[in-house]
Structures are given as C-alpha cells and as structure tokens.
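Only one structure is covered here, and it is reproduced in the block below.
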Amino acid sequence: MIDRDELECFRGEVRAWLEENCPKSMRSPAREDEDVWGGRRATFPSGDAKSWLERAAAKGFTAPTWPKAYGGAGLSGDEARILEEERVRIGARVPLKSLGIWMLGPVLLRFGTEAQKVQHVTGIARGEIRWCQGYSEPGAGSDLASLSMRAERDGDSYVVNGQKVWTSHADKADWIFCLVRTDAKAPKHEGISFLLIDMATKGVSVKPITLLSGASPFCETFFEDVRVPAENLVGPLNGGWTVAKALLDHERSLISQIRDAAAANEESLESLARRYIGLGAESGILNDPSLRDRITQANMDLLCNKLTMRRSSEARAAGLPPGNETSMFKLYGTELNKRRRELMVLIAGFQGLGWEGDSFSREELTRTRDWLRSRANSIEGGSTEIQLNIIAKRVLGLPD
Ligand SMILES: Cc1cc2nc3c(=O)[nH]c(=O)nc-3n(C[C@H](O)[C@H](O)[C@H](O)COP(=O)(O)OP(=O)(O)OC[C@H]3O[C@@H](n4cnc5c(N)ncnc54)[C@H](O)[C@@H]3O)c2cc1C
C-alpha cells in the first residue's frame, strides 16, 4: 500500500511528465475521425498524435497497470487513477484507443500462456496490433453460447469455418479474438473455446455493413477453412466460456466508464441550459420547473453512479478482478448516458438536431451524433435486458 505522501509525489512526477511530453495540440477533445487506434495500418491525424502515442507507449502509460515486462507501467490502481486525473485535468487525449487494451490484454494476462503474453500483450500496449471482437453470430447475440462457428483440430492447427457479425472495425483490424465451437456434442456452454486469429490468414474475409447513416462501423466476418495454430487457443480447450465471460466483464466495465469519463469532460447540463434557454430575468433560475427537475435528477444520478464505480474500482485496485457488478454498472451507466444525451438535445432545441450544414456548430453536430450513438450503448456488450437477467440470477440469486 502506498501512503498519501508518496501518491502526491507521484502526482507531481506525472504532472511534470505530461507537461513535457503531451504536445499542446493533443490537449483538446479529439473528433471521432481523429482517434488513434494503432495497428499495422495505423493512421494518425497529425505528427503530434503519432509522437504522443510513441511517448506514452514508451513510458508504459497506454496500459498503466500492466506489468512493465509486457509494455505496461506497473502502476497500482491508485497511481493509475492519479495518472487519469492528471490527463483529464489538462484535457489530454487518450493516446491510444484499443480493444486490445480494454478487453483482450487483461484476459491474456490472466489466462494466457507466457508465450501468448510475450507475443501479444506488448504489441497491444504499444499500439502495434489492432484487435477486433468475434463474439456475435447471425444466430447468437444475446444467447451467445448458441454460437456455431466451428474449430476442428487437424494436426497442430485448428480449422475454422463459420461467420461472425457486427464485428466492429473488422476491416481495419489485424487480429480477431473469437469464440468457436470445439465440441458440438457437449452442453452449449461447455463446448466453446477462445481462439486468436490473424486476419491476414488465408480464408478470412470481411464485408462492411452500411448503416442508415451511411457509416460502416460493423462488418460481417467470414471464415472458410482458416488454419489457426493450436497455440493460439487461450485457456483450456472447451473452457472458453470462462475466458469469454471475464472479457465481457472488462467490456462492460469499459462501456460504463467511457460514458462517465465523457460526462466529466463535457459542458454541464445547467451550463447548456443557461446558454440555450437562458434564465428567468426575475427569478434568476431556469423557468421550466420540469426541466430543472430532470437536470438535477440526472446530475445526482451521475454522481451516485460515479461514487459506486469508485468503490468498485478500489476493490479492483486491491487486486480483485471485475465481477458481476459490471452488469449493474453497464445497465445503469448506459441508461443514464442515454438520458443525459436526450436532455442535451432537448435543451438545445432545433440546434440539437443538426446532422450537417453551416447552420450548426461542430459541437452541435457532434452532440446529435453522440445522442444517436448512445442508443447503441444499451445493446453492445450485452443488452440492458440481458444485464437485468444476469443481475437477477448472479447478483440477487433469484431462481431462473
Ligand atoms: C455498437 C455495437 C457494436 C458491436 N460490436 C460488436 C463486436 O465488435 N463484436 C461482436 O461480436 N458483437 C458486437 N456487437 C453485437 C452485440 O454484442 C449484440 O448486438 C448484442 O449482444 C445483442 O445481440 P443481438 O443484436 O443478436 O440481439 P438479440 O439477441 O436478437 O436481441 C434482440 C432483443 O431481444 C432482447 N432479448 C434477447 N434475449 C432476451 C432474454 N433472454 N430476455 C430478455 N430479453 C431478451 C434483447 O435485449 C434485445 O432487445 C455490437 C453491437 C453494437 C450495437
């Protein structure tokens, strides 16, 4: 346990490091198209974004709590929290966005072999390899354990056949972590394995899905006689469900935290209301009592959520992995985020509904997109209804 003085000393060091190493142009919010995802085909919006990633990675700050031996900085939970606070304080961008860091890395550190850690974890921390997630299939979404993509052992390889769907950014990723069926006769949860597949392998193909908005963030991913080295199996053969659930805990925890972090960086609801609606000349307060109530309630709920998450992150700092409580955070955080985004659009009135054009500021256009994107938060990583089922069963212990 590090004492308070040592932590404050660490804060000073981090502050100085950020001051020296974070380029000034990286101290403003990034638009979605300015995010850095790394990978073999990495693109950077500027030279500063590239050097910001390189410096953060060299210091281990892209994955602060991971061991130094695998590209992390070996920080304690408290130190990592301080690093994050200092980053947010100066408005510095996250140097690297990465499913590898958020989801796969922690799972490899827990379940992977030494060879897998050496091969993959450092590359993830440095942003050299971009990963995507191959869980959902056309016949397996909420009921994920019904998945049917097969992997059959043949010599020192598995031969994989089948299809994944809704694979976010599969067209840009280098590797995919997949759930595959390795025993068709076992009960459905007991015949699944967790496999790492290089997207450049012969037989892997990707087809982007175009959404109504015109964007293509998802793909269908096809596997036809894809040969995967047997050493790419993570965890025991047919024991992939445990690995899959551990990864989902990280994913759900991330989805709730991202929204929380976004709220910390955004203009407050009351400031937005002051700007767009104005205060009553005589009362000096927002004249619409119902809107006042909704804003206050959303602010209080955000604060309560933050405190509960802080309690849980302290449990993690003490060495406990995220557990079923991530379902509660995922449920509450995503529903709260939807409520806040809707309020923001409501407060901005007509200016809240801009999609393109000069009549809207960049901030207004982003707000509309963020509102629509928030609708997906309660589906991705397991829908709200599924989180309620998990809470009923595993947290409250209710019967099926
Ligand atoms: C933005 C986004 C990104 C995604 N990225 C990825 C990715 O990278 N990789 C990946 O593998 N997947 C990804 N997904 C897929 C996601 O995991 C699935 O959409 C999700 O698990 C729901 O599955 P489904 O779409 O098949 O819906 P379904 O399972 O068909 O569910 C339809 C509806 O029925 C409800 N429902 C289903 N079963 C029950 C039940 N037992 N009790 C109560 N209600 C139920 C659901 O809550 C939902 O409202 C992504 C999804 C989104 C929205």
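General remarks:
- Most mobile listed residue (54, 267, 325) in the chain, GNM with C-alpha springs under 10 Å: 267
- Largest GNM mean-square fluctuation across 299, 337, 21, computed for the chain with C-alpha springs under 10 Å, falls on 21.
- Residue among 62, 201, 384 with the largest mean-square fluctuation in a Gaussian network model of the chain, springs linking Cα atoms under 10 Å: 201
- When the alpha carbon coordinates of the range 1-56 are projected onto the principal axes, the ranges are 42, 23, 18 Å, largest first.
- Gap separating the Cα centres of the range 320-367 and the range 98-160, nearest whole Å: 30 Å
- Helices that extend 30 Å or more along their long axis by alpha-carbon positions and average at least -1.0 on the Kyte-Doolittle scale are, among the DSSP H runs of the chain, 240-265, 289-317, 325-348.
- Exposure proxy order (Cβ contacts within 10 Å, fewest to most) of 282, 84: 282, 84
- 10 Å Cβ shell holding at most 15 others, DSSP loop, trypsin sites (Lys or Arg not before Pro): longest site-free stretch of the chain: 203-400
- The range 131-238: C-alpha gyration tensor shape, a/c 1.5 cut-off, then a/b vs b/c: oblate
- Summed side-chain charge close to residue 372 - residues other than residue 372 whose Cβ falls under 13 Å, Lys, Arg +1, Asp, Glu -1: +3
- Convex hull volume per residue for the range 242-395, taking Cα atoms only, in Å³: 126 Å³
- Shape analysis of the chain yields a ratio of the Cα radius of gyration to the Kirkwood radius, Rg/Rh, of 0.98.
- Residue-count net charge about residue 71 - beta-carbon cut-off 12 Å; Lys, Arg +1, Asp, Glu -1: +3
- Taking a straight Cα-Cα cut-off under 16 Å and skipping sequence neighbours fewer than 8 places away in the same chain, the aspartates and glutamates within cross-link reach of residue 245 are 143, 190, 325, 380.
- Sequence-distant lysines (8 or more away, or on other chains) whose Cα lies within less than 21 Å of residue 68: 59, 97, 117
- Ignoring lysines fewer than eight residues from residue 207 along the same chain, the ones with Cα atoms less than 22 angstrom from its Cα are 164, 172.
- When the inverse distances between all different Cα atoms of the range 4-98 are averaged and flipped, the Kirkwood radius reads 13.7 angstrom.
- For the range 283-392, chymotrypsin sites (Phe, Trp or Tyr not before Pro) meeting the loop criterion (DSSP other than H, G, I, E, B) and having at most 15 other Cβ atoms within 10 Å: 355.
Since every read-out is calculated from the coordinates, none of them should be taken as a lab result. Here the structure is a predicted model, which is why all the values come from computation and not from measurement. FYI the Cβ positions are ideal-geometry reconstructions off the backbone, even for glycines, and counts take in every protein chain you see.
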